[in-house]
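Note sheet for the following structure.
The values are calculated or read from the model by the stated rules, or taken from the named source; none is laboratory data. In this text, all values refer to a predicted model and were calculated from it rather than measured experimentally. Cβ: placed from backbone, ideal geometry, glycine included. Neighbour counts: every protein chain shown. The protein model used for the area step is the full one, side chains on, heavy atoms only, and it has no ligands, DNA or RNA in it. Shrake-Rupley method; radii C 1.70, N 1.55, O 1.52, S 1.80 Å.
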Amino acid sequence: MSALKVEFVKSATNIKDYPKPDKPEIAIVGRSNVGKSSLLNAIFKRSIAKVSAKPGKTRLINFFSFNDKIYFVDLPGYGFASVSKAEKEKWQKMIEEYLLNRENLKYVIMLVDSRHPPTSLDKLMKDWLESFGLNYIVVATKADKLNQSEKAKTTKIIREELNLDKDKPVFLTSAKEGTGIKELLSYIFESLEK
Ligand code: GTP
Ligand code: MG
């Protein structure tokens, strides 16, 4: 791909503030701190999405335009224990409203931490995406923290725990080292063209 053009478009909490659905869109979901914003920065090759070592950094729906062709969307994470019940419910509602109503949403990238088996919330998220017929792929993050034998095992564990269909790919990535990003993007772009 030629030079990247990445722009932050806007943040929204509410459907009425989303940008016009005039391009195919790809959203990133996953537990708080799993590396959603970092993965986007690795895709964009610049630090444009806000990252933090503390969970709960991304609190709004953030839209980015990629080469004027695609929107990438950074979402708040789920499973963040240290916020009030009301706050959790607000985030859940915001994420659900987005996922259920965004007509140009082509793909959901669901992130799981490669160091741990998927959590019960990850399983719920996967079942939920499936039940609403959303097109999703699973991406394992932070692969730089694994040794070779752990790397070999992790995708198998994720596949089994999430009960994924054989035709669903699982990409092992590291935003830190940039591994797996090219393969992930090729897969998505090829699928969008089909
Ligand atoms: P929320 O916005 O809170 O939901 O989190 P997030 O999923 O957007 O995670 P974020 O990208 O902010 O990253 C959380 C922490 O994990 C940060 O300290 C990142 O530096 C770290 N991190 C993210 N990706 C990687 C990776 O590939 N390797 C390593 N070693 N650390 C990573
Ligand atoms: Mg984030």
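Brief remarks on what is shown
- Accessible surface for the chain, divided over its residues, is 53 Å² per residue with a 1.4 Å probe.
- The range 47-63 - phi-based ³J(HN,Hα) in whole Hz, Karplus 6.51/-1.76/1.60, Gly and Pro as x: 8, 10, 8, 7, 10, 8, 5, 8, x, x, 6, 7, 10, 10, 8, 10, 9
- For the range 34-41, 3J(HN,Hα) computed residue by residue from phi via the Karplus equation (6.51, -1.76, 1.60; θ = phi - 60°) reads 6, x, 5, 5, 5, 5, 4, 4 Hz, glycine and proline entered as x.
- Computed lengthening from Glu190 to Lys123, 0.36 nm per intervening residue step minus Cα-Cα distance: 21.5 nm
- For the range 134-190, projected area of the alpha-carbon convex hull averaged over all directions, nm²: 4.3
- Cleavage-rule hits (trypsin sites (Lys or Arg not before Pro)) in the range 150-188: DSSP loop, at most 11 neighbouring Cβ within 10 angstrom: Lys166
- Restricting the calculation to alpha carbons of the range 70-130 gives Rg and Dmax of 12.6, 34 angstrom.
- Per-residue [θ]222 nm for the chain (sum of -39500 (n - 2.57) over DSSP H runs n ≥ 4, rounded to 500): -10500 deg cm²/dmol
- Radius of gyration, Dmax [the range 25-181; alpha carbons; angstrom]: 14.8, 42
- For the range 7-96: Kirkwood Rh in Å [reciprocal of mean 1/r, alpha carbons]: 13.4
- When the convex hull of its Cα atoms is viewed from all sides, the range 113-163 shows a mean projected area of 3.4 nm².
- If R0 is taken as 35 Å, the Cβ-Cβ distance between Glu97 and Asn147 corresponds to a FRET efficiency of 0.30.
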